[in-house]
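Contents: one structure, followed by commentary.
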Amino acid sequence: MTPRVGIVGGGILGTVLALRLQQAGAEVTLLERGPSLGGLAGAFDFGGHRVDRFYHVIVPSDERMLGLVDELGLQDDLSFSPVGVGFFVDDEMFPFNGLGDFARFPPLSPLGRARLAWFVAQCQLRKNHKGLEDVSLERWLRRHCGRKVVDRIWRPLLDSRFDSDHGELPATYLWARTNRMRSARTSQGSGETMGCLRGGHERLIEAAAARATELGVDVRVNAGVEGLVLEDGRVAGVVVDGRDERFDLTLATLQPPALQRLLPDELGGLLDAYPQRFLGVVCLILKLRRSLLPYYSVNICDETPMTTVVETSHVVGTEHTDGLTLAYLPKYCEASSETFRADDRTIYDRFTAMLRKLVPDFTEEDVVDWTVQRAPLVEPVHARGHAPRTAPVWPEVEGLGLASASQVYPRLLNGDSIVRMAEATAAEAVEHLRLNTDALGSAPAPLAAAA
């Protein structure tokens with residue numbers, strides 16, 4: 001008989017999982033609690049323009065993401081653009097776009113610049129993360145970059161990115177980031193190249209869902225999954241809006257805090273294997289009459305209420321916003337923090353006050369519209385010494401698989417790493433269900449083994 005698979009969560013991970021398992025011969029139902037698919041990669045109506053809730057880019061090394069784009073026939077809607085990066089240090093803005101800017105970077109001495117270059121080279125030459133998992137990130141940075149570079153550059157950046165609490169981070173964090181962005185740097189050494197899909201990541205999810213539906217996947221939105229059906233120690237399905245739905249395999253793609261509401265008490269111990277700390281994000285989005293910065297993003301090394309400024313129009317263009325520029329001003333913080341709980345107007349006032357420091361001629365007249373987007377669960381913090389390093393996808397409970405962004409490690413969380421995890425999980429599920437492994441092609445390397 002054809003095995004029935006229920007997938008809980010309709011983000012990129014759940015949608016790609018559904019597509020791959022249906023292709024392999026399963027009968028798949030995709031259940032999404034919200035009114036549309038997408039999750040953090042979704043979009044919303046912003047004053048008559050459909051825009052991403054949060055900012056996303058594709059880099060040339062995102063092979064699984066690019067492969068999915070080709071498979072779904074969206075390659076003509078993919079574009080890459082050269083972009084710039086700025087550094088704001090001691091109330092001054094500096095370009096940081098290639099060897100020339102690096103050689104002249106005033107905030108660091110010649111020795112500091114040399115040590116920073118040595119650190120980047122070390123990251124790029126290291127082929128895997130072995131030996132870095134239990135090494136303190138700050139201690140590793142001090143060893144390679146020196147105290148002055150850490151105090152002037154790295155610590156302020158880490159403070160703003162991890163809400164002033166990054167002592168538990170392993171060295172793998174910056175190793176993974178440096179390796180991913182290596183492919184974005186132009187061959188001329190003059191900056192970076194980043195890409196996007198016309199219509200955003202939502203377009204990719206919609207296309208994957210449409211293909212899955214054509215193949216027979218039952219895609220349901222507004223489907224409130226309330227819990228698991230547990231029988232004789234095995235998971236036999238889920239409860240959807242008060243009704244039992246039976247599956248041979250249930251795959252939950254929720255982050256642990258959301259997963260907690262599904263697990264019966266006897267399975268609550270499964271959460272112990274996951275990271276214990278999660279960052280959320282508060283993001284002010286501005287719709288502007290003009291471009292404020294010549295950079296896609298700005299690294300802020302001064303005291304700041306926000307993490308960065310990302311002017312996405314340098315990559316996504318302005319055609320879909322009638323010529324208006326989009327700028328995202330995020331602050332990564334825990335959902336329990338004062339910043340996350342602050343009202344929208346307070347966020348606007350705080351963040352635009354900082355924006356005036358970065359762009360002295362910025363005024364209220366530049367703003368056509370604004371909104372604040374929030375997400376309480378964006379990124380798990382993989383602390384040093386936590387065991388297991390990642391929670392198992394197959395927790396030795398018959399009929400249950402758990403696959404979420406919390407198990408992406410050491411790669412950074414982005415569209416490509418999520419697609420990679422979906423395809424790796426699908427390949428393992430296919431073997432478990434004894435389906436057609438040839439239908440999936442070559443499975444990606446396990447996340448923990450990939451650079």
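The values are calculated or read from the model by the stated rules, or taken from the named source; none is laboratory data. Bear in mind that the values here come from a model prediction, so they are computed numbers and not experimental data. Quick reminder, even Gly has a Cβ in these numbers, built from the backbone with ideal geometry, and neighbours come from all protein chains shown. SASA here: full protein model, heavy atoms, side chains in, ligands and nucleic acids out. Shrake-Rupley method; radii C 1.70, N 1.55, O 1.52, S 1.80 Å.
Couple of notes before you dig in:
- Being within 21 Å of the chain's Cα centre (by Cα), under 30 Å from LYS331 (Cβ atoms) and assigned to a loop (DSSP other than H, G, I, E, B) is true of LEU37.
- LEU72 being aliphatic (A, V, I, L, M), under 21 Å from the mean Cα position of the chain (by Cα) and closer than 22 Å to VAL430 by Cβ: no
- Check on ARG20, closer than 16 Å to VAL419 by Cα, in contact with a helix residue (DSSP H, G or I) (Cβ under 8 Å, 6 or more places away or on another chain), part of a helix (DSSP H, G or I) and open to solvent by 40 Å² or more (accessible area, probe 1.4 Å): no
- Some residue of segment 318-325 being of a type outside the set (A, V, I, L, M), touching a residue at least 40 places away in the same chain (Cβ under 8 Å) and on the phi > 0 side of the Ramachandran plot: yes
- Pair list, Cβ under 6 Å, 6 or more apart: segment 218-238 residue over 18 Å from LEU30 (Cβ atoms), other residue open to solvent by 10 Å² or more (accessible area, probe 1.4 Å) and not in a strand (DSSP E or B): LEU230/PRO264; ARG234/GLU398
- Taking the listed residues ALA103, ALA117, the one that is open to solvent by 50 Å² or more (accessible area, probe 1.4 Å) and of a type in the set (A, V, I, L, M, F, W, C) is ALA103, with no other qualifying.
- Qualifying residues in segment 120-133 (those that are of a type outside the set (S, T, N, Q) and touching a residue at least 40 places away in the same chain (Cβ under 8 Å)) - the one nearest to PHE278 (Cα to Cα): GLU133
- Within segment 134-157, tally of residues that are farther than 20 Å from PRO410 by Cα, of a type outside the set (A, V, I, L, M), part of a helix (DSSP H, G or I) and free of Cβ contacts under 8 Å to residues at least 60 places away in the same chain: 8
- Those residues of segment 1-17 which are of a type outside the set (A, V, I, L, M) and either without any contact (Cβ under 8 Å) to a residue 24 or more places away in the chain or assigned to a strand (DSSP E or B) (or both), in sequence order: ARG4, GLY6
- Scope segment 158-183; condition among the aliphatic types (A, V, I, L, M), in a helix (DSSP H, G or I), buried (at least 20 other Cβ atoms within 10 Å of the Cβ) and touching a residue at least 24 places away in the same chain (Cβ under 8 Å); matching residues: LEU174, ALA176
- Search result, residues across segment 56-98 that are in contact with a His (Cβ under 8 Å, 6 or more places away or on another chain) and open to solvent by 30 Å² or more (accessible area, probe 1.4 Å): HIS56
- Of the residues in segment 371-384, at least one is over 30 Å from LEU204 (Cβ atoms), over 17 Å from the mean Cα position of the chain (by Cα) and either modelled with pLDDT of 95 or more or open to solvent by 10 Å² or more (accessible area, probe 1.4 Å) (or both).
- Test: residue in segment 389-406 that is part of a helix (DSSP H, G or I) and under 25 Å from ARG420 (Cβ atoms): yes
- Looking across segment 243-263, the residues that are assigned to a loop (DSSP other than H, G, I, E, B) and open to solvent by 60 Å² or more (accessible area, probe 1.4 Å) come down to ASP248, GLN260, ARG261.
- Of the helices (runs of 4 or more DSSP H) contained entirely in segment 307-379, those carrying at least 3 residues that are over 30 Å from PRO275 (Cβ atoms) fall at 313-316, 344-358.
- Per-region count, segment 271-285, residues buried (at least 18 other Cβ atoms within 10 Å of the Cβ) and in contact with a helix residue (DSSP H, G or I) (Cβ under 8 Å, 6 or more places away or on another chain): 6
- Any hit, segment 106-114, residues being hydroxyl-bearing (Ser, Thr, Tyr) and closer than 30 Å to PRO388 by Cβ: no
- Assessment of segment 299-319 against the conditions (surrounded by fewer than 17 Cβ atoms within 10 Å (Cβ to Cβ), among the β-branched types (Val, Ile, Thr), closer than 28 Å to ARG198 by Cα and out of contact with any His (no Cβ under 9 Å at 6 or more places or on another chain)) yields at least one matching residue.
- Condition met for GLY131 (open to solvent by less than 50 Å² (accessible area, probe 1.4 Å) and not in a helix (DSSP H, G or I)): no
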